[in-house]
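Heads up: the structure comes next, in structure tokens.
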Amino acid sequence: MTLDELNKIKERGIEKIHLRLEKNPSCKIYVATGYSGLAQGSRQILEAMLDEAFNLGLNNILITQGPSTTFEGYDPVVEVYDINDNKVVYGKVTTDAARKIVSYSIAGKVLEEYVIDDKKVNQ
Amino acid sequence: MRVRMTVLLCAGTGCISGGSNELRDEFNHVLRELGIKDEVSVVQSGCFGLCEKGPVVVIYPDETFYAHVKVSDVRKICEEHIYKGIPVKELEFHDEATKNKTNVKLKDLGFYAKQNRRVLRNCGLINPYDIEEYIARDGYQALAKVVTSMKPQEVIDVVKASGLRGRGGAGFPTGLKWSFCAANQSSQKYIICNADEGDPGAFMDRAVLEGDPHSIIEALAIGGYAIGATQGYIYVRAEYPIAVERVEYAINKAKEYGLIGKNIFGSGFDFDVEIRLGAGAFVCGEETALIASIEGCRGMPRNKPPFPASKGLWAHPTVINNVETLANIAQIILNGAEWFRSIGTEKSPGTKIFAVGGKINNTGLVEVPMGITLREVIFEIGGGIKNGKKFKAVQTGGPSGGCITEEQLDTPIDFDSLVAIGSMMGSGGMIVMDEDNCMVDVARFYLDFTVDESCGKCTPCREGNRRMLEILNKICDGQGTLEDLEKLEDLASMIKDASLCALGQSAPNPVISTIKHFREEYLAHIVDKRCPAGVCKNLVSYFITDKCIGCDMCAKVCPVSAIKGGKRERHEIDQSICIKCGSCKKACPPKIQAIIYK
């Protein structure tokens, strides 16, 4: 065993346990599940986002389920928090849009077309 | 779907006996049924510390802490939390600090807030059977650093500078011990891990062995390099079968990966580790008795000097360190002596793990910085006394320690301060007692243990402690005299002075400290023939007062049918038949409480 080999195993190991490690992710993405979310395909959105994050080799991002939101009728809904806990809510997200949201969010950008908020909903 | 969630099940001995393996199987089964097994990893790890609330299950990345989880709860957790993302509120554990909060994280819990989980950092996080998870946590990096870029003396200097003191009870500076051994020339040296952990109620070392076995293997190799030993032994008590299994597995894995064995990291340093089993003798936790046991002899202590560092195992220079001491080594090498000293006290830097038990709400393992007060450990982390009873005393240091009273609770915990108030830290056992504990009986319990465990080699311990036990039994039976109290005190000081090893020398400690702080209880037993706590059977009588409404609940539970009385008439206990079990008092309805003892 050399130090290089040890470090390679370490990288591999971190992949395995990364969900359990304490992190300060640069952005947190919650896909709203619950009954209406599931019915509208939130799991496919979740799957697409996880896949995209893996393809982009992103380490410092949290993608998981979140509680149902008050934006009824707009599922699949995705909430994104940046490092300062500013929130953006996306609605009626497609799998393609979901993938874009991952790369936009990590770059600090917002995918305007899919953003929903109280104003928009009550129009 | 990629793995997006981890179900972490506590698999320390406590939670295993609570059903952790059955829970693991049920999780795997239900997740497969729901078709989501690929997205969720189900992992068993070491002790989370909150043993009172086991079996414990933690869901990541949410950090939801589920307590008292049963097999019948698993389906709900899978369907509601894992599939739909809705945590199961009834199973979540909250304490005073978090009861009104939402989205609670592990570190918010009052139980964890004041802890510094340095030694226990991998327990409750990694799978102890997976060496790659240990490596992911910087495992074996310290060993690599040591053998490829440090001289043995440099390693000893770092450990000395850190101020690390033995965590097995004696508190001897570890760096100094290593330097003594390193200075001795010999064709063969040994380093031994003392994993005998004999104190009743102590399971700190067990948690490390079960949850993070590689930390010990790595530390032994580092120590071996520093002192010039190529052979290490881990002496584990046979009463820890799970620990033995996991350590054995870890040693084999480390060998398979070439992390121990020949030419480690190409440095030319060879090191091998083997397990040796203890066979149920408390005295074998004493280093020279332990050495005798490994040699195949009966476990009996030897005269010191010579100390093991000059003449130990098979007369070769040997270092023996406790599990918790060793578990600090790798982190000291990687993070430095200053990091280690950054918490704790000047003379006792670092953390200490305590196994908190007895009449306390949160029994389990806690790792706290030295210098924290007993009050903080018992009332803040420990959650206070069970059932709202009154605190009476806390026993620290197991059968070698003493009792600490209410007035002394603000003493900061470290090696020297506890000795100053008549107790000792020992290996970390902390038994909390309330108003229902009889302190004479407590002293008797510990002495009973040490008399049983005495090897018999030296007269003061073999004969003296036995005589002390006889006197205590007399007192608890109501036959004690004031002269007996004097005899106890005389015997105690003689035994402390003249015994060969620490077992004998410290066996009188519980007696000395309870006489000092609870003399009035001894006097009640001796003069009034009364046990104020209602524990010593011969000094307790149960009576039914006129509050009795004749509901017959007591008579129904009496195992010897000693209670008679007509319907709705005041009942009476026949004292000649009564065996003082106390079942009647427990059975009497809380609103009535007609049964008293005196």
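Bear in mind that the values in this text are calculations on the coordinates, not laboratory data. Model, not experiment: these values are computed from the prediction. Note that we place each Cβ from the backbone using ideal geometry, even for glycine, and neighbour counts take in every protein chain shown.
Things worth noting here:
- Under a 5 Å amide H cut-off, with hydrogens placed 1.01 Å from N, A:Cys27 pairs with A:Leu62 among residues at least 5 apart or on other chains.
- Relative intensity of chain B on a log10 scale, I(q)/I(0) at q = 0.08, 0.09, 0.10 Å⁻¹, equals -0.64, -0.79, -0.95, per a Debye sum over C-alpha point scatterers of equal strength in the absence of solvent.
- GNM remark for chain A: springs join alpha carbons under 10 Å apart, and the peak mean-square fluctuation among A:Ile63, A:Ile14, A:Ile101 falls on A:Ile14.
- Candidate lysines - alpha carbon under 28 Å from B:Lys556, same-chain residues fewer than 8 apart omitted: B:Lys386, B:Lys389, B:Lys537, B:Lys547, B:Lys564, B:Lys567, B:Lys580, B:Lys585, B:Lys586, B:Lys591, B:Lys598
- Each of A:Glu112 and B:Ala238 was given a label point 7 Å from its Cα along the Cα-to-Cβ line. The distance between the two points is 7.7 nm.
- Positive minus negative residues near B:Asn21 (Lys, Arg vs Asp, Glu; Cβ under 15 Å): -2
- Cα gyration tensor shape for region B:1-112, rounded if a/c is under 1.5, else prolate or oblate: oblate
- Förster radius 25 Å - calculated FRET efficiency between B:Ile343 and B:Arg375, Cβ distance, rounded to 0.05: 0.85
- Region B:242-370: Lys pairs at Cα distance under 30 angstrom, eight or more positions apart or on different chains: 8
- Stokes-Einstein diffusion coefficient of region A:13-123, Kirkwood radius over Cα pairs, 10 °C, 1.306 mPa s, in µm²/s: 113 µm²/s
- In terms of the mean number of neighbouring beta-carbon atoms within 10 Å, the peptides B:495-502, B:510-517 order highest first as B:510-517, B:495-502.
- Whole-Hz Karplus values for region B:559-568 come out as x, 10, 6, 8, 10, 10, x, x, 4, 6 Hz, taken residue by residue from phi with 6.51 cos²θ - 1.76 cosθ + 1.60 and θ = phi - 60°; glycine and proline positions read x.
- Extension gain for B:Glu92 to B:Glu248 (0.36 nm times residue separation, less C-alpha to C-alpha distance): 52.7 nm.
- Put in line by how crowded their Cβ is, counting other Cβ atoms within 10 Å and starting with the fewest, B:Trp314, B:Trp178 read B:Trp314, B:Trp178.
- Full-stretch length increase - B:Ile549, B:Glu274 - with 0.36 nm per residue and alpha-carbon distance subtracted: 92.3 nm
- Nonlocal Lys pairs with alpha-carbon distance under 20 Å, chain A (8 or more apart, or different chains): 18
- Translational diffusion of region B:57-193 was estimated from the Stokes-Einstein equation, with Rh taken as the Kirkwood radius over Cα pairs; at 4 °C and 1.567 mPa s the coefficient is 67 µm²/s.
- For B:Gly232, net neighbour charge (Lys/Arg +1, Asp/Glu -1) across residues whose Cβ lies under 13 Å away: -1
- Cross-link reach is defined here as a Cα-Cα straight distance under 15 Å, omitting same-chain residues fewer than 8 places apart; for B:Lys457 the aspartates and glutamates meeting it are B:Glu286.
- Ordered by the number of other Cβ atoms lying within 10 Å of each residue's own Cβ, fewest first, B:Leu482, A:Leu111, B:Leu164, B:Leu209 fall into the sequence B:Leu482, A:Leu111, B:Leu164, B:Leu209.
- Distance from the alpha carbon centroid of region B:314-348 to that of region B:79-158 works out to 20 angstrom.
- With contacts taken as Cα pairs under 8 Å at a separation of at least 6 residues, chain B carries a relative contact order of 11 percent.
- Phi to ³J(HN,Hα) by Karplus 6.51 cos²θ - 1.76 cosθ + 1.60 over region B:195-208, Hz, x for Gly, Pro: 10, 7, 5, x, 4, x, x, 9, 8, 5, 5, 4, 4, 5
- Aspartates and glutamates whose Cα lies under 18 Å from that of B:Lys89, excluding same-chain neighbours fewer than 8 positions away: B:Asp62, B:Glu63, B:Asp73, B:Glu79, B:Glu80, B:Asp108
- Two-site FRET efficiency, B:Ala498 against B:Lys389, from Cβ-Cβ distance with R₀ of 30 Å, rounded to 0.05: 0.15
- Spacing of the modelled spin labels on A:Tyr35 and B:Lys567, each 7 Å from Cα toward Cβ, amounts to 5.3 nm.
- Two-site FRET efficiency, A:Glu72 against A:Thr95, from Cβ-Cβ distance with R₀ of 22 Å, rounded to 0.05: 0.55
- Our summary of shape: the Cα atoms of the protein assembly as shown have principal axis extents of 92, 84, 41 Å, ordered from largest down, in whole angstrom.
- Projected label points at B:His29 and B:Gln479, each 7 Å from Cα along the beta carbon direction, are separated by 5.7 nanometres.
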